[in-house]
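Note sheet for the following structure.
The values are calculated or read from the model by the stated rules, or taken from the named source; none is laboratory data. Please read all numbers here as calculations on a predicted model, not as lab measurements. Every residue, glycine among them, receives a Cβ derived from its backbone with ideal geometry; neighbour counts consider all protein chains shown. Keep in mind that these areas ignore ligands, DNA and RNA; they rest on the heavy atoms of the full protein, side chains included. Shrake-Rupley method; radii C 1.70, N 1.55, O 1.52, S 1.80 Å.
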Amino acid sequence: MLRERIKDAKRIVIKVGSSSLTYPETGKLDLARMEILVRQLSSLRNAGKDVVLVSSGAIMVGWQALGLARRPHVVSRTQACASVGQARLMMLYQKFFSEYGQNCSQILLTKYSLVHELPRNNAMNTFEELFDLGVIPIVNENDTISTDEIEFGDNDTLSAIVASLIHADLLILLSDIDGLYTDDPNRNPDAKFIDEVQEINDDILKLGKGSSSAVGTGGMATKLNAAKLVGASGCDMVIANAQDFHIISRIMQAEKEGTFFVANRDPNYKLDQLMEAL
């Protein structure tokens, strides 16, 4: 059973979206769920695994902290919200991780830092040093200065690029859906769940749907694209429901949670080609 190899994954990237960190009724942070997420990641780190968290939420935390009624649409205002929110979000993560004896760090990336070889190599070296020191990096797009990321970016793609960059064994995308279905299960009760995908072909890509979240930016299409990107680099991927963050430990035990995307390493794969496609 191919899913069993998840147990042997040594380097893991876990992506959590804004909607997975907030109360649906208010859009405010669910601190109890954040604490469970941190405990799960700390347990993986204690097991000797390298762990990266790609976390959305800075813009959302910022506009709420500033007392705005909703997410702004003006880019400069959104950047200001990101500046406020990123500091607050990291403060919370540091507090939670310290309670479990873990050190975390912040890495803010832009397209520039990944497309160009020198800053990309610097980022790779930083990740490696952090892993060597036992630190859990927390990654986000640098929304404060990157206008194109705010307008068009998504953390599904970012997490796939990070996973490829650090040669991860497994990428886990935690979302508000159980995994991949043959159709939108919210609209079609006959939609069937897909437990495993061994090849991302045109038929699979057609199953991508738009985002259903009021606070997130990604959708199933971006997740399928992420699976295609990391699969070429030799990294497996799982899309699973973030409703209960204990699902992370179940995934790591190779239980049938979410949709498992089997990596199909491309022998011609080069990181430079991936970056040029951004």
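Listed values, structure above:
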| quantity | calculated |
| --- | --- |
| Single residue of the stretch 160-178 satisfying the filter (part of a loop (DSSP other than H, G, I, E, B) and among the hydrophobic types (A, V, I, L, M, F, W, C)) that is nearest to Ile248 (Cα to Cα) | Ile177 |
| Filter result (at pLDDT 90 or above and either out of contact with any strand residue (DSSP E or B) (no Cβ under 8 Å at 6 or more places or on another chain) or among the aromatic types (Phe, Trp, Tyr) (or both)) within the stretch 175-189 | Tyr181 |
| Gly48 vs. criteria among the small types (Gly, Ala, Ser), open to solvent by less than 60 Å² (accessible area, probe 1.4 Å), more than 17 Å from the chain's Cα centre (by Cα) and closer than 30 Å to Gln198 by Cβ | yes |
| Test result for Ser43, open to solvent by 10 Å² or more (accessible area, probe 1.4 Å) and modelled with pLDDT under 90 | no |
| For Leu68: the one exception among (1) touching a helix residue (DSSP H, G or I) at 6+ places or on another chain (Cβ under 6 Å); (2) surrounded by fewer than 19 Cβ atoms within 10 Å (Cβ to Cβ); (3) without any contact (Cβ under 8 Å) to a residue 60 or more places away in the chain | (1) |
| Pairs where the first residue, in the stretch 154-165, is open to solvent by less than 10 Å² (accessible area, probe 1.4 Å) and the second is in a helix (DSSP H, G or I) and among the polar types (S, T, N, Q), C-beta under 8 Å, 6+ apart | Asp156/Thr222; Asp156/Asn225; Ala160/Asn225 |
| Residues of the stretch 177-198 satisfying the condition of being touching a residue at least 24 places away in the same chain (Cβ under 8 Å) and over 22 Å from the mean Cα position of the chain (by Cα) | Thr182, Asp183, Asn186 |
| Residues located in the stretch 76-112, provided they are in a helix (DSSP H, G or I), open to solvent by less than 40 Å² (accessible area, probe 1.4 Å), in contact (Cβ under 8 Å) with a residue 24 or more places away in the chain and in contact with a helix residue (DSSP H, G or I) (Cβ under 6 Å, 6 or more places away or on another chain) | Thr78, Ala82, Gly85, Gln86, Leu89, Phe96, Phe97 |
| Criterion (in a loop (DSSP other than H, G, I, E, B) and more than 17 Å from the chain's Cα centre (by Cα)) met by exactly one of Pro119, Pro72 | Pro72 |
| All positions within the stretch 245-256 that are open to solvent by 20 Å² or more (accessible area, probe 1.4 Å) and in contact (Cβ under 8 Å) with a residue 24 or more places away in the chain | His246, Ser249, Gln253, Lys256 |
| Residue list for the stretch 48-98, filter: in contact with a strand residue (DSSP E or B) (Cβ under 6 Å, 6 or more places away or on another chain) and more than 30 Å from Lys10 (Cα to Cα) | none |
| Breaking point among (1) at pLDDT 90 or above; (2) open to solvent by 60 Å² or more (accessible area, probe 1.4 Å); (3) closer than 21 Å to Asn142 by Cα, for Glu117 | (1) |
| Among (1) open to solvent by less than 70 Å² (accessible area, probe 1.4 Å); (2) modelled with pLDDT of 95 or more, the one test that Lys10 misses | (1) |
| Hits in the stretch 127-143 (condition: part of a helix (DSSP H, G or I) and surrounded by 14 or more Cβ atoms within 10 Å (Cβ to Cβ)) | Phe127, Leu130, Phe131 |
| Residue match in the stretch 157-174 (condition: hydrophobic (A, V, I, L, M, F, W, C), more than 25 Å from Gly48 (Cβ to Cβ) and modelled with pLDDT under 85) | no |
| In the stretch 13-38, residue surrounded by the most Cβ atoms within 10 Å (Cβ to Cβ) [restricted to those that are in contact with a helix residue (DSSP H, G or I) (Cβ under 8 Å, 6 or more places away or on another chain) and among the charged types (D, E, K, R)] | Lys15 |
